[in-house]
Amino acid sequence: MNIRHERISVLGLGAMGRALASALLEAGREVMVWNRTPGKAGDLVARGAREASSVAEAIGAGGLTVVCLLDDASVRETLAPAAPKLAGATLVNLTSGSVRQARELTTWLDEHGARLLAGGIMAVPPTIGTEGAFILYSGARDLFDRAAPVLAPLGRPHWVGEDPGFAALYDMAALSGMYGMSAGADHALTLVQAEGGDVEAFKREVLQPWMEQMLPFMVPDVGVHEAVPDEFNPAMQATGLENILAASGEAGAPTELGGHLRASLWRMRSAIR
Ligand code: FVH
């Protein structure tokens, strides 16, 4: 197979779908695009993409079909009318969804004679195709081996197993980690502002250097809650978390913003008992 000339169809031209199609065009791939609402393909067509008039036409163009829509329901809604044309097709679903949804879509496509490589994008539209971007894939290894070189311009391909649900599993888990950090930063700024601190100086001079200092320890040292090591001193950490929650109460921060603190407190208290 000539990788450069592998045909790729992209279903979905939202912010992410457009970034994917753009990176593929940039890498010299033959790209066909489709979007539910017309009028989003103009710049891509000007750069050499062909616009399909139907989902079936896009899937029938041969090669890989990358699906990047809002959610699982929109994927099902989009693929259902094209079901009779799916036999022999290879789809790569980069739409966010759950483990169960990925497994069920694999089964449904299999029943229609098509194969699925499930994916999870670890990037945002502006970072697609840049050095840090990577994409999780799960499903049959031979599918991954075929698709990875073709899709490499989107971000480093990383296979996480045969179970089609695993790309979604690792994607959701990694996002949970990211939102945890973001919630922590959000709560921190709320406290500083509520008590009259200089938010910009705090961000620049305290929060960012502190988070940068701790990040290398956070992931390697974290464990599941049953196994908080003694050297973590869970009793000390529980007292510390109670202090932060008390400070949060004094500052009048919304209770919901401290959810990550209560989760950590629960974890430390569980480890003490
Ligand atoms: N953007 C991001 O930062 C994140 C990064 C990580 C991965 N996500 C996931 O990527 C999927 C698409 O996200 P998006 O950013 O492209 O989202 P939108 O710009 O909102 O575009 C949504 C597209 O989905 C189409 N669509 C929605 N509903 C339907 C439907 N019922 N039938 C067919 N297509 C549908 C929509 O079409 P239209 O509104 O233009 O007609 C857009 O093409 C998503 O899973 C993220 O979680 C992105």
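The values are calculated or read from the model by the stated rules, or taken from the named source; none is laboratory data. Small disclaimer: the values here were computed from a predicted structure and weren't measured. All Cβ positions, glycine included, derive from the backbone under ideal geometry; neighbour counts span all protein chains shown. Ligands, DNA and RNA are stripped out before the accessible areas are found, and what is left, the full protein with its side chains, is counted by its heavy atoms. Shrake-Rupley method; radii C 1.70, N 1.55, O 1.52, S 1.80 Å.
Here is how the numbers come out for the structure above:
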read-out	value
Rounded to whole Hz, the Karplus (6.51, -1.76, 1.60) HN-Hα couplings of region 124-137, x for glycine and proline	10, x, x, 9, 4, x, 9, 4, x, 5, 9, 10, 7, 10
Debye log10 I(q)/I(0) at q = 0.17, 0.20 Å⁻¹ for region 137-273, Cα point scatterers	-1.02, -1.21
Surface per residue (accessible, 1.4 Å probe) for region 1-79, Å²	46
Added length on full extension, which subtracts the Cα-Cα distance from 0.36 nm per residue, D43 to E242	66.2 nm
Among 84-97, 43-56, 202-215, the order from most to least packed when residues are scored by Cβ within 10 Å on average	84-97, 43-56, 202-215
Cα radius of gyration and Dmax for the chain (Å)	22.8, 65
Relative contact order, percent, the chain [alpha-carbon distance under 8 Å, six or more residues apart]	13
Estimated 222 nm signal from helices in the chain, with DSSP H stretches of n ≥ 4 weighted -39500 (n - 2.57), rounded to 500	-15500 deg cm²/dmol
Two-decimal Rg to Rh for region 206-273 - Kirkwood Rh, Cα set	0.99
Reduced Cα scattering model of region 1-139, Debye log10 I(q)/I(0), q = 0.09, 0.16, 0.17, 0.18 Å⁻¹	-0.23, -0.78, -0.90, -1.01
Top of G139, G155, G240 by mean-square fluctuation, Gaussian network on the chain, Cα under 10 Å	G240
Heavy-atom accessible surface of the chain: percent carbon and sulfur, 1.4 Å	57
Residues with amide H under 5 Å from that of E51, placed H, sequence gap 5 or more	V33
Highest-MSF residue in the chain out of I121, I244, I135 [GNM, Cα springs under 10 Å]	I244
